[in-house]
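Notes to accompany the following structure.
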Amino acid sequence: MYIKIYFDNKPVYLCNEIDEQLNEILHHPDAVFMDEISGPAIKSLLHEIHKEEFHAGVLWHSDLDMLKKAFFKHFKLIEAAGGVVQNEKKELLLIYRLDKWDLPKGKLEKGETLEECAVREVEEETGVSNLVLKKKIGETYHTYNAFGKHFLKTSHWYQLTCKSKQALVPQTEEQITEIKWVKKEELKDPMSNTYPSIADIINQFLAGPAKLKSLV
């Protein structure tokens, strides 16, 4: 099993086994492998990520929970939730923000559950209502820097459904400029202009339950 964390478009995998996919990644000349979880080792990996030629990182330990804890303590942690929303035609609801296609999501507020957060953020960012919460799809992880601090955001994703015949209202204060329903067969163009973590969770959702069970 593994956890994939994005540093911009560059992935770092925390894993407790090297499967076929990770083995292929490690054959790249600019991939970095580490099997030590000490503070200096992790800081060394974080330094390597900033190099232009860096392709991907694989950090291995037999105890994935221990590895995750050791890695995550180098960041200020943020919890968020969002939705992969389908209508009765099985179309997906996408938003356009900061010149990228995205999914509605946002930070967890004090006192609310992740499920409540996902529903609230979808409603606020798109204007849709009468959402039905179906199931959790998975998590994505990405990092960013702000105010001189290093943040690692965990986004929890849920499948939601609602009717298509309702007004779509972009939340402009969140820099959302467009919202649209997209058929599965027309996802290629928006998927070519989105964040890798968003592409991952959409692919994970479309792959179905069997695929979901195999991923962290």
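Each reported figure results from applying straightforward, stated rules to the coordinates on display, with no laboratory input. Every value quoted in this text rests on a predicted model; they were computed, and no experiment measured them. Cβ: placed from backbone, ideal geometry, glycine included. Neighbour counts: every protein chain shown.
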Q | Where labels lie 7 Å past Cα in the beta-carbon direction, separation of residue 203 and residue 1 in nm | A | 2.1 nm
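Would you please give the FRET efficiency between residue 186 and residue 73, computed as 1/(1 + (r/R0)^6) with r the Cβ-Cβ distance and R0 = 45 Å, to the nearest 0.05?
Approximately 0.60, to the nearest 0.05.
Per DSSP H run of n ≥ 4, the term is -39500 (n - 2.57); total these for the chain, divide by its residue number, and report the mean residue ellipticity at 222 nm rounded to 500 deg cm²/dmol.
Values: 7 runs with 61 residues, N = 216.
Per the formula, -8000 deg cm²/dmol.
Assigning unit charges at the beta carbon (Lys, Arg +1; Asp, Glu -1) and nothing else, what dipole magnitude in debye, to the nearest 20, does the chain show about its Cα centre?
Working: 29 positive and 34 negative charges, 110 e Å.
The calculated dipole for the chain is roughly 520 debye.
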Q) What shape does segment 116-214 take by its C-alpha gyration tensor, where a ≥ b ≥ c are the square roots of the eigenvalues and a/c under 1.5 counts as rounded, a/b above b/c as prolate, and the rest as oblate? A) rounded
Q. Rg and Dmax of the chain, using alpha carbons, in Å: what are they?
A. 18.0, 55
Q. What angle, in degrees between 0 and 90 and rounded to the nearest 10, separates the Cα long axis of helix 39-49 from the longest principal axis of the Cα atoms of the chain?
A. 60 degrees
Q) Which angle from 0 to 90°, rounded to the nearest 10, does the C-alpha axis of helix 196-207 make with the longest principal axis of the chain? A) 70 degrees
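Between residue 33 and residue 175, how high is the FRET efficiency from 1/(1 + (r/R0)^6) when r is the Cβ-Cβ distance and R₀ = 35 Å? Nearest 0.05. Mind dumping the intermediate values first?
Values: r = 38 Å, r/R0 = 1.08.
Efficiency for this residue pair is about 0.40.
Please report the antiparallel percentage of the DSSP beta bridges confined to segment 2-72, to the nearest 5.
On the way: 6 of 14 bridges.
Percent antiparallel among DSSP bridges in segment 2-72 is about 45.
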Q | Selection from 168, 129, 95, by position along the positive dipole direction of the chain (Cβ) | A | 129
Q) When Lys and Arg each count +1 and Asp and Glu each count -1, what net charge do the other residues less than 14 Å away from residue 67, Cβ to Cβ, add up to? A) -1
Q) segment 84-124: which GluC sites (Glu not before Pro) are DSSP loop and have at most 12 other beta-carbon atoms within 10 angstrom? A) 88, 109
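Excluding residue 118 itself, calculate the net charge of residues whose Cβ lies under 14 Å from the Cβ of residue 118, where each Lys or Arg counts +1 and each Asp or Glu counts -1. Please report the intermediate quantities before stating the final value.
Numbers: positive: 105, 107, 120, 134, 135, 136; negative: 79, 109, 112, 115, 116, 121, 123, 124, 125, 139.
Spelling it out: positives minus negatives among the neighbours equals -4.
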Q: Report the net charge of residues surrounding residue 134, where surrounding means a beta-carbon distance below 13 angstrom and charges are Lys +1, Arg +1, Asp -1, Glu -1.
A: +2
Q) If r is the Cβ-Cβ distance from residue 193 to residue 62 and R0 is 30 Å, what FRET efficiency results, to the nearest 0.05? A) 0.15
Q. Using alpha carbons only, how many degrees (0 to 90, rounded to 10) separate the axis of helix 114-126 from the longest principal axis of the chain?
A. 60 degrees
Q.
Taking 0.36 nm per residue of sequence separation and subtracting the Cα-Cα distance, how much length would be gained by fully extending the chain between residue 147 and residue 130, in nm to one decimal?
A. 2.4 nm
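Checking the table 68/107; 105/135; 4/76; 110/180; 107/180; 51/100 against a 19 Å threshold on Cα-Cα, which pairs fail?
Result: 68/107; 110/180; 107/180; 51/100 exceed 19 Å.
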